[in-house]
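Reviewing the structure listed below.
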Amino acid sequence: MNELFSVEDKVILLTGGSGVLGGCMARHLAKERARVVVLDRNAELGEALVAGIKADGGEALFLLSDVLDRETLERNRHDILQIYGRIDVLVNLAGGNQAGATIPPDKTIFDLDVDAFRRVVDLNLFGTVLPTMVFSEVMVGQKKGSIINISSESALRPLTRVVGYGCAKAAVSNFTQYMAGELAVKFGEGLRVNAMAPGFFLTEQNRALMSNPDGTPSARCHTIVAHTPFGRLGRPEELLGTLQWLASDASAFVTGTVIPVDGGFDAFSI
Ligand SMILES: NC(=O)c1ccc[n+]([C@@H]2O[C@H](COP(=O)([O-])OP(=O)(O)OC[C@H]3O[C@@H](n4cnc5c(N)ncnc54)[C@H](O)[C@@H]3O)[C@@H](O)[C@H]2O)c1
């Protein structure tokens, strides 16, 4: 194994780890001999994921969590420290869009469900802020740790319809940069905060926008693919290289960045 990119023995937390992207990351990191902690409110998927990782010889733990509840997160932190004694990497994946917070083509901003908008901002922004506060305290004590937030293409340039999600993810990118300065200046250069901005991957949180009820790709999905130089959606495993780089010491001088992993979507105009 390449030492530079090693995550061996690192205690790596994934909020939203039961999901499609988080599950793919958890399986990969365990194969790379990290100690993976899946934090999610979906216990059924999370327990199944961890059982699968263990069956393959990896090390993983599922803890029921809620990224919007500080007490639960603090209980999670206590349990993790009891078992592993440290936290090396936090990947803030819990997030996603909700149907009510989007504006369909036949509606306008004046029809917006503000409560749904607020719930999406809550989940994506405060669901990143709270775990960061709870778990980075441990990293500060260690003088070392890497936080990887999950922003989105919609943060880089607004996409049609997903107004709440785009605003929330733009705030996640801003918070990433803020925290990079906050932690390094006040607590030292061992503490790093970066984000990935994935392009378009078919998962549960965007299925309603990306697929028709019969499962075929929606018109929106075709538009996205047409605007992507690679001419296709992403595959979850295509996030793994960037993830491992940011989690490992290979990125030791990298902080405050938001890395698009998008088949060229963000760079492309006409
Ligand atoms: N799929 C994409 O194309 C895409 C693109 C850019 C960014 N993202 C982001 O990637 C991340 C992972 O999403 P995904 O696509 O794997 O979706 P997913 O729906 O498969 O996974 C999201 C996970 O978050 C968990 N979750 C939701 N609310 C929670 C809470 N309050 N506490 C704890 N866990 C909670 C869910 O149970 C689920 O397991 C999200 O932040 C999403 O916004 C996805």
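Residue order for LYS10, LYS169, LYS54, fewest other beta carbons within 10 angstrom first, comes to LYS54, LYS10, LYS169. Given +1 at the Cβ of Lys and Arg, -1 at the Cβ of Asp and Glu and no other charges, the dipole of the chain around its Cα centre is 280 debye to the nearest 20.
How charged is the neighbourhood of ARG157? Take every other residue with its Cβ under 13 Å from the Cβ of ARG157, and add Lys/Arg as +1 and Asp/Glu as -1. Spelling it out: positives minus negatives among the neighbours equals -2.
The spacing between segment 11-84 and segment 192-231, judged by their C-alpha centroids, is 25 Å. Each distinct pair of alpha carbons in the chain adds a 1/r term; the inverse of their mean, the Kirkwood radius, is 18.8 Å.
Its DSSP H runs of at least 4 residues, each contributing -39,500 (n - 2.57), put the calculated 222 nm mean residue ellipticity of the chain at -13000 deg cm²/dmol, to the nearest 500. For VAL258, what is the net charge nearby, where nearby means another residue's Cβ is under 12 Å from its Cβ and Lys, Arg count +1, Asp, Glu -1? Combined, the nearby Lys, Arg, Asp and Glu give -2.
Do any GluC sites (Glu not before Pro) in segment 120-191 lie in a loop, going by DSSP, with at most 16 other beta-carbon atoms within 10 Å of their beta carbon, and if so which? Provide the component values of the computation, followed by the final result.
Details: sites: GLU137, GLU153, GLU182, GLU189; in loops: GLU189.
Taking segment 120-191 and a limit of 16 other Cβ atoms within 10 Å, the loop GluC sites (Glu not before Pro) found are GLU189.
Residues ILE259, ILE12, ILE87 in ascending order of nearby Cβ atoms (within 10 Å, fewest first): ILE259, ILE87, ILE12. Scanning the chain for chymotrypsin sites (Phe, Trp or Tyr not before Pro) in DSSP loops with at most 12 neighbouring Cβ atoms within 10 Å leaves 1-252 as the longest stretch between them.
Count the net charge of all other residues whose Cβ sits under 13 Å from the Cβ of GLN98, scoring Lys and Arg as +1 and Asp and Glu as -1. Summing Lys and Arg as +1 and Asp and Glu as -1 gives 0. From the square roots a ≥ b ≥ c of the eigenvalues of the alpha-carbon gyration tensor of segment 1-108, which class results: rounded (a/c under 1.5), prolate (a/b over b/c), or oblate? Here segment 1-108 falls in the prolate category. Which Cα, out of ALA184, ILE259, LEU240, lies furthest along the positive dipole direction of segment 153-270 (beta carbon charges, K/R +1, D/E -1)? Going by the charge dipole, the pick is ILE259. Checking every one of the GluC sites (Glu not before Pro) in segment 1-83 against DSSP loop status and a limit of 16 other Cβ atoms within 10 Å picks out GLU8.
Straight-line cross-link reach from LYS143 at under 20 Å between alpha-carbon atoms covers these lysines, not counting any fewer than eight positions away in the same chain: LYS10, LYS186.
Using the 10 angstrom Cβ neighbour count as an exposure proxy, how do MET179, MET210, MET133 rank, fewest first?
Going from least to most buried by this count: MET133, MET210, MET179.
Filter the chain for me: DSSP H helices, axial length by Cα at least 15 angstrom, mean Kyte-Doolittle hydropathy not below -1.0. List them by residue number. Walk me through the intermediate numbers first.
Numbers: long enough: 20-31 (17 Å, 0.62); 43-55 (18 Å, 0.91); 70-84 (21 Å, -1.31); 127-142 (23 Å, 0.97); 163-187 (35 Å, 0.47).
What comes out of the filter, once short or polar helices are dropped, is 20-31, 43-55, 127-142, 163-187.
Every number here is computed from the coordinates shown, using simple stated rules; none is lab data. These numbers come from a predicted model, not from an experiment. Neighbour counts run over all protein chains shown; Cβ positions are idealised from the backbone, glycine included.
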